[in-house]
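**Q** Before I ask anything, here is the structure I am working with.
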Amino acid sequence: AGDYNTREILRPLVFRLHENVPEIVREVLLERGWTEFDKKEQDDADWNLVKPWQRLNHYPEAVRITRKDYLARHLKRMKGAYGSALYEFSPVAFIMPNDYVKFIAEYSKERQSLGRRPSYWICKPVDLSRGRGILIFRDIKDLVYDCTVIVQKYISNPLLISGYKMDLRLYVCVTSFCPLTIYTYEEGLVRFATEKFDLSSLDNVYAHLTNTSINKYGASYKKYKEGIGCGCKWTFSKFRSYLRIFGVDDVVLWQKINNIVILTLLALNPLPVASNCFELFGFDILIDDKFKPWLLEVNYSPALCLDCSIDDTVKRKLLHDVVELLNYKQIDAFRQNQVAGIKADGRRVPWSTGGKSATKETPGLLTCQKVAKCASASSAALQAARGSICKVATLTKKTARVYPRKTLTSQLREKMNMPKIPPPAKAEAKNKQLPEDGYSPPKSAQLSRWLPSPDFCNYNLTARPYFLSDNDQRPIPRVGNFVLVFPFNEAALQASRNGTDIKSIIKEISKLVSKQLP
Ligand code: ADP
């Protein structure tokens, strides 16, 4: 049995991907030193990243917030249950044809009230994406649909940069719903429309929709646009610098966005209980000219296409950070430690991996060299990724029992379980980097990140890979650009354990919101 475990630990991690998986997923896994399954060279037993104990990268229940009509319905329910004060971040929406009468009532009320300018509306098919089938209108005679749609108030006063509309693609990773553990990604994509915003031409998709899938076909996409540049994307870092130049408190904006994320995920209630899943969501957030963030929609499969170098920068690091968040680095290190322990113990190592001892070298990220090509998003790699965590966990747990704890390896293992908090000097230096266009953020802006880590996460040796978790474990406050946003304090942590207490969580969020108000 000892030999079998040793052999298993020393096996390279072999993944297998569906043919539709974006190239960048393959590249990231290869960059991490994993091996791709080769039908000709290997047999099925070598494929060790898809097993019954694998983690999946979707929760079936997530559809409650990722389909436009379900999202509208669940947010409405939360509004009813917990008050509209917290839940007024989503534009009023009607599900058609079911809500037709309600919509007509609202539409007529607006038209009849004197002195009030009638709203603009946007009609979106509930299960389409990438801006397909969208219609913006003001007069009901222009409303046509032939499938289930939502008719939503159109935010007609968006924040414009040099006259262009933009929205944010925010990445959110839920590593567990039970207990609820939410990370938002500090870096992300600002997506621009490529023609100037103009309410007198509602059918110009290049002026009103910010989807890259649409704008990349626009005549202005490749052209240099004053104040924006070429293409249709910025990074969050660049946007943050831009806001700070104009004296906007981006930290407050960021806190509001995080509240939206938490409150939206709570709308999934009853929260999924599956412990073998995680989810990477793409939240679309529109900011209006009063700096109020609005939730437009939640994507369960955010695009991993690489349309430009900004995509490559953001999405490659994102994928690496997702794998890190799922504890892969720790598990790799853990594996290596086991190997080192086995070797030190003089046992036979049947399948050597090159003999690197973890006492000398901790496995890390490999340098990325290639720019990936565009492909559609898929789940298999991350699914596989999470799968191997469990596999390795099972094996290392078994072998760990064979060896006494007080060895060099065990001390190293403890170190591996310590948090990776960058030293302050390093973190500050990172913030001092100038954005691409040479903006120099004001000094105060350089001092903070968008998201301060919750200070209740007093990290200690109990912060270990989740598979070794016990009830006292606290979630890791930051992994790469992922920052823990829930739980955000001790009370929220307690309320998310042993059956999520939504009411108490909402109470804590209300307290937080009232503190955040200027
Ligand atoms: P899809 O899933 O087709 O991308 P979205 O709901 O994300 O649908 O809408 C596509 C784009 O339309 C958004 O990125 C945004 O630019 C614009 N949009 C959608 N809803 C609104 C709204 N209520 N107000 C203003 N703009 C909107």
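**Q** Pull out a ≥ b ≥ c, the square roots of the eigenvalues of the alpha-carbon gyration tensor of region 67-221, then state rounded if a/c is under 1.5, prolate if not and a/b is larger than b/c, and oblate in the remaining case.
**A** Cα axes put region 67-221 in the oblate bin.
**Q** With just the Cα atoms defining each centre, how far is region 260-310 from region 138-156? Give it in Å.
**A** Each part's Cα centre sits 23 Å from the other's.
**Q** If you roll a 1.4 angstrom probe over the protein chains with everything in place, what fraction of the accessible area of region 92-154 belongs to carbon and sulfur, to the nearest %?
**A** 54
**Q** In debye to the nearest 20, how big a dipole does region 92-154 give about its Cα centre with +1 on each Lys and Arg Cβ and -1 on each Asp and Glu Cβ? Show your work: numbers first, answer last.
**A** Numbers: 11 positive and 7 negative charges, 55 e Å.
Value, rounded to 20: 260 debye.
**Q** Net charge near G218, counting Lys/Arg +1 and Asp/Glu -1 over other residues with Cβ under 11 Å of its Cβ?
**A** That works out to +3.
**Q** Restricting the calculation to Cα positions, tell me the Rg (one decimal) and the Dmax (whole number) of region 201-263 in Å.
**A** That works out to 14.8, 39 Å for Rg and Dmax.
**Q** With the cut-off at 1.5 for a/c, could you classify region 92-154 from its C-alpha gyration tensor as rounded, prolate or oblate?
**A** Judged from the Cα gyration tensor, region 92-154 comes out prolate (a/c at least 1.5, a/b above b/c).
**Q** For region 56-161, what does the accessible surface come to per residue with a 1.4 Å probe? Please give it in Å².
**A** Here the per-residue accessible area is 51 Å².
**Q** I'd like the accessible area for Y206: 1.4 Å probe, protein heavy atoms, all chains in place, Å² to the nearest 10.
**A** Using a 1.4 Å probe on the heavy atoms, I get roughly 60 Å².
**Q** Along the positive direction of the dipole of region 136-281 (beta-carbon charges: Lys, Arg +1; Asp, Glu -1; about the Cα centre), which of G163, I214, N269 reaches farthest?
**A** After comparing all options, I get G163.
**Q** Here is a further query. Hey, which of these cross-link pairs are over 24 Å Cα-Cα: K76/K109; K165/K222; K79/K153; K76/K238; K165/K315; K222/K315?
**A** In this structure, K76/K238 lie more than 24 Å apart at Cα.
**Q** Moving to a separate point now. How would region 158-261 be classified by its alpha-carbon gyration tensor: rounded, prolate or oblate, with rounded meaning a/c under 1.5 and the a/b versus b/c comparison settling the rest?
**A** Taking the square roots of the gyration eigenvalues as a ≥ b ≥ c, region 158-261 is prolate.
**Q** Toward the positive end of the charge dipole of region 90-221, about the Cα centre and with charges on Cβ (Lys, Arg +1; Asp, Glu -1), which of Y185, N98, S129 goes farthest?
**A** N98
The values are calculated or read from the model by the stated rules, or taken from the named source; none is laboratory data. It should be emphasised that the depicted structure is a prediction, and the values quoted were computed from it without experimental measurement. No Cβ is skipped: glycine too gets one built from the backbone with ideal geometry, and neighbour counts run over all protein chains shown. These area figures cover heavy atoms from the full protein model, side chains too; ligands, DNA and RNA do not enter into them. Shrake-Rupley method; radii C 1.70, N 1.55, O 1.52, S 1.80 Å.
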